[in-house]
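Trainee: So that we are looking at the same thing, I have put the structure below in structure tokens.
The values are calculated or read from the model by the stated rules, or taken from the named source; none is laboratory data. A quick note: this is a predicted structure, and the numbers were derived from the prediction, not measured. Because the Cβ atoms are built from the backbone with ideal geometry, glycine has one as well, and the counts that use them run over all protein chains shown.
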Amino acid sequence: MAGLFLGLDASTQSLSAVIIDYARRKVVYDKSLNFDRALPQYQTQNGVLPNPDPLVKHSPPLMWADALDLIFAEMKKDGVALGDLLAISGSGQQHGSVYFNSRAAAALAGLNPAKPLVENLRLSRRSDLPRRSRAKTGTKAEGVFSRKTSPIWMDSSTAKECAEIRKALGGIKATAQQTGSDTFERFTGPQIRKFYKTEPEAYAQTASIALVSSFMASLLAGKIAPIDHGDGAGMNLMDIRKRNWLPDALKATAPDLNRKLPPVVASSTLVGAVSPYFVKKFGVNPKAQIQVWSGDNPCSVIGLGLIKAGQVAISLGTSDTFFGSMKKCQTDEHGEGHVFGSPTGDYMTLICFKNGSLAREKVRENYGIKDWNEFGKRVAATPPGNHGGILLPWFDAEIVPRVNQPGIHRFDLDEKNVAANCRAIFEAQMMSMRLHSQWMKVSPEQIYATGGASNDQALLQVLADVMNCRVLRIEVSKSAALGAALRAAHGWLVQAGEKPEWEKVVAGFTDPIPHSEISPDKKAAKIYDKLVEKYAAREREALKQIHQPFGL
Ligand code: XUL
């Protein structure tokens, strides 16, 4: 099959594009655009708008649209054969939501290639308004959004709404059983409820709610796109087994919600042909199909080749995530972990730790360490187990375990000891993963590692020792974008009447780096078996002391 497939990844800090030549089993293009640097006019820091409330984390949806224009312009400039694209899909940071008003559908259908996407969405002049809505909206129209900013996955300001929805659904276990997860502050349902409670008029003007993933797909297809089972499961609104919107959850969240949500569909669904905007402006193949987008974690499951049940990966990115594929839906009754739909049609499990790379970066900066190479050297210079020193790394409010009051707690660890603190942050992150992933009941033979920090040997050795398991590095640096490109290829083949097997689709793209295997050191593994118990005890004590309202 000749032809190219594009996977885009709209993550917290950047928009990436990966293009594969499927027949040649090759990644032929790979580029990223950092929001802060490429689009400074939006004034984000690490892709997020500054806010005086540390629990509130929003981003501007217009910035994501602007980035889409920029990355297509970049691909055109780089001479990519956009006319050969057969299908496009994408991956979005999960949970973040975009609020469209009643003008959005017409504006998307009529995107004008003579103007940038953002101008099309701002509808800044009266003449930009679709004819039908001119009379109703007058000149006060504020574009296609009923809410200017989008709450994203880092937001933890909805503890109250979580408690309300959880109560209505029958408690932690019942909520997890029905929706795949207990209610979480960043999940879209609690975020929608907060919006409805605090801005009822704007909520009433909302015609359609999108996730970051379905927002980007809507721009590409020129129509409101559906939400897929992978990303839909991150909302506390979907019945995880029936894979439909869950009426009780919708009712517990906000009025009229069933009318404001697009359909929820299988991840292999095609949204339609690419909008003429991208054809005329950038020369994209007019027949290129837009496949429904999914969340970054479901896409990474494919981009890392986690097709068989029980395969596990750790992604060390902005957030650190521990995830794997699962055949039969089994939820976490303690409510810390999540079950999402996998793009394969099976399920995937996930635990998300918010204090990932940004926490590591804070330690590096606080101790004036110039780069990650130097950081790794410090880690390697200290012994496994850090002489019993422990750090609880809650630089920011944490998701697992739930911590609403950020703070760093040290035990038997001298704050001035640079090397010990470098080791302590990573040991803490890995021990926390080991502790909080026990509900998955998987004893993997090997763990795949990906994400920025997986390039560091010293850190990977800590990972192998704490987990007492072989670790393999995956060559893919952008697993979510690659997963999206592979999903595009799979969806296109399905549409062409073939029955592609996932193992065959990912073959050759997701192989581990040769000789990248790291085995656990038996002595170190024993040290961690003990230290994990101490870590668990200190974590329990610290959590007891932190005042956690709303019965968390
Ligand atoms: C997963 C989660 C994060 C975001 C990051 O539940 O919140 O991994 O998807 O992009």
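Trainee: Looking at region 420-441, can you tell me whether even one residue there is assigned to a loop (DSSP other than H, G, I, E, B), surrounded by fewer than 17 Cβ atoms within 10 Å (Cβ to Cβ) and either touching a helix residue (DSSP H, G or I) at 6+ places or on another chain (Cβ under 9 Å) or among the charged types (D, E, K, R) (or both)? First the steps, then the outcome.
Mentor: Just the residues of region 420-441 that are assigned to a loop (DSSP other than H, G, I, E, B), to begin with: 437, 441.
Pick out the ones that are also surrounded by fewer than 17 Cβ atoms within 10 Å (Cβ to Cβ) and you get 441.
From what's left, either touching a helix residue (DSSP H, G or I) at 6+ places or on another chain (Cβ under 9 Å) or among the charged types (D, E, K, R) (or both): 441.
There is at least one residue in region 420-441 that is assigned to a loop (DSSP other than H, G, I, E, B), surrounded by fewer than 17 Cβ atoms within 10 Å (Cβ to Cβ) and either touching a helix residue (DSSP H, G or I) at 6+ places or on another chain (Cβ under 9 Å) or among the charged types (D, E, K, R) (or both).
Trainee: Quick check on this structure: which one of 368, 388 is modelled with pLDDT of 95 or more, small (Gly, Ala, Ser) and within 22 Å of residue 318 (Cα to Cα)?
Mentor: After ruling out the rest, the residue left standing is 368.
So that you can scan it fast, the table gives a plain yes or no per residue for (1) within 22 Å of the chain's Cα centre (by Cα); (2) in a strand (DSSP E or B); (3) within 16 Å of the ligand (Cβ to nearest atom):
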site	(1), (2), (3)
31	yes, yes, no
54	yes, no, no
69	yes, no, no
73	no, no, no
89	yes, yes, no
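Trainee: Out of all the residues in region 258-309, which are among the charged types (D, E, K, R) and either more than 16 Å from the ligand (Cβ to nearest atom) or within 25 Å of residue 116 (Cβ to Cβ) (or both)?
Mentor: Within region 258-309, the subset among the charged types (D, E, K, R) is 259-260, 280-281, 287, 296, 308.
Within region 258-309, 259, 260, 280, 281, 287, 308 qualify.
Trainee: For the structure I just gave you, tell me whether residue 528 is touching a Pro at 6+ places or on another chain (Cβ under 9 Å), among the aromatic types (Phe, Trp, Tyr) and in a helix (DSSP H, G or I). Steps first, please.
Mentor: On the way: touching a Pro at 6+ places or on another chain (Cβ under 9 Å): yes; among the aromatic types (Phe, Trp, Tyr): yes; in a helix (DSSP H, G or I): yes.
Answer is yes for this residue.
Trainee: For residue 267, are the conditions met, namely being under 30 Å from residue 108 (Cα atoms), crowded, with 22+ Cβ neighbours inside 10 Å and in contact with a helix residue (DSSP H, G or I) (Cβ under 8 Å, 6 or more places away or on another chain)?
Mentor: Values: under 30 Å from residue 108 (Cα atoms): yes; crowded, with 22+ Cβ neighbours inside 10 Å: yes; in contact with a helix residue (DSSP H, G or I) (Cβ under 8 Å, 6 or more places away or on another chain): yes.
Answer is yes for this residue.
Trainee: Under the condition of being away from the ligand (no atom under 12 Å from the Cβ) and in a loop (DSSP other than H, G, I, E, B), which residue from region 332-344 is farthest from residue 264 (Cα to Cα)? Walk me through how you get there before you give the answer.
Mentor: Just the residues of region 332-344 that are away from the ligand (no atom under 12 Å from the Cβ), to begin with: 332-335, 341-344.
Adding the requirement that they be in a loop (DSSP other than H, G, I, E, B) leaves 332-335, 342-344.
Details: 332: 23, 333: 25, 334: 27, 335: 23, 342: 14, 343: 13, 344: 16 Å.
Taking the candidates together, the pick is 334.
Trainee: Another one. For region 406-417, check the following and say yes or no: at least one residue is closer than 22 Å to residue 468 by Cβ, out of contact with any helix residue (DSSP H, G or I) (no Cβ under 6 Å at 6 or more places or on another chain) and surrounded by fewer than 20 Cβ atoms within 10 Å (Cβ to Cβ).
Mentor: Kept after step one, since they are closer than 22 Å to residue 468 by Cβ, are these residues of region 406-417: none.
No, every residue in region 406-417 fails to be closer than 22 Å to residue 468 by Cβ, out of contact with any helix residue (DSSP H, G or I) (no Cβ under 6 Å at 6 or more places or on another chain) and surrounded by fewer than 20 Cβ atoms within 10 Å (Cβ to Cβ).
Trainee: Check region 316-331 and report whether any residue there is in contact with a Ser or Thr (Cβ under 9 Å, 6 or more places away or on another chain), more than 16 Å from the ligand (Cβ to nearest atom), over 25 Å from residue 14 (Cα atoms) and among the aliphatic types (A, V, I, L, M).
Mentor: no
Trainee: Also, quick follow-up: Being part of a strand (DSSP E or B), surrounded by 24 or more Cβ atoms within 10 Å (Cβ to Cβ) and among the β-branched types (Val, Ile, Thr) is the filter here, so list the residues in region 296-320 that pass it. Can you show your working first?
Mentor: Filtering region 296-320 down to residues part of a strand (DSSP E or B) leaves 312-316, 320.
From what is left, the residues that are surrounded by 24 or more Cβ atoms within 10 Å (Cβ to Cβ) are 313-316, 320.
Within region 296-320, 314 is the sole residue that qualifies.
Trainee: Restricting attention to helices (runs of 4 or more DSSP H) lying wholly within region 169-234, give those where 3 or more residues are touching a residue at least 24 places away in the same chain (Cβ under 8 Å) and within 14 Å of the ligand (Cβ to nearest atom). Quick ask: steps written out before the conclusion?
Mentor: Details: elements: 172-179, 188-198, 200-204, 212-221, 229-232.
Passing ranges, in order: 188-198, 212-221, 229-232.
Trainee: Follow-up question, since we're still on this one. Given the structure, is residue 111 within 20 Å of residue 59 (Cβ to Cβ), modelled with pLDDT of 95 or more and away from the ligand (no atom under 16 Å from the Cβ)? Before the answer, list the steps.
Mentor: Numbers: within 20 Å of residue 59 (Cβ to Cβ): no; modelled with pLDDT of 95 or more: yes; away from the ligand (no atom under 16 Å from the Cβ): yes.
In short, no.
Trainee: With respect to residue 147, is the statement that it is in a loop (DSSP other than H, G, I, E, B), away from the ligand (no atom under 16 Å from the Cβ), in contact with a Phe, Trp or Tyr (Cβ under 9 Å, 6 or more places away or on another chain) and not polar (S, T, N, Q) true?
Mentor: Values: in a loop (DSSP other than H, G, I, E, B): yes; away from the ligand (no atom under 16 Å from the Cβ): yes; in contact with a Phe, Trp or Tyr (Cβ under 9 Å, 6 or more places away or on another chain): yes; not polar (S, T, N, Q): yes.
It is true that residue 147 is in a loop (DSSP other than H, G, I, E, B), away from the ligand (no atom under 16 Å from the Cβ), in contact with a Phe, Trp or Tyr (Cβ under 9 Å, 6 or more places away or on another chain) and not polar (S, T, N, Q).
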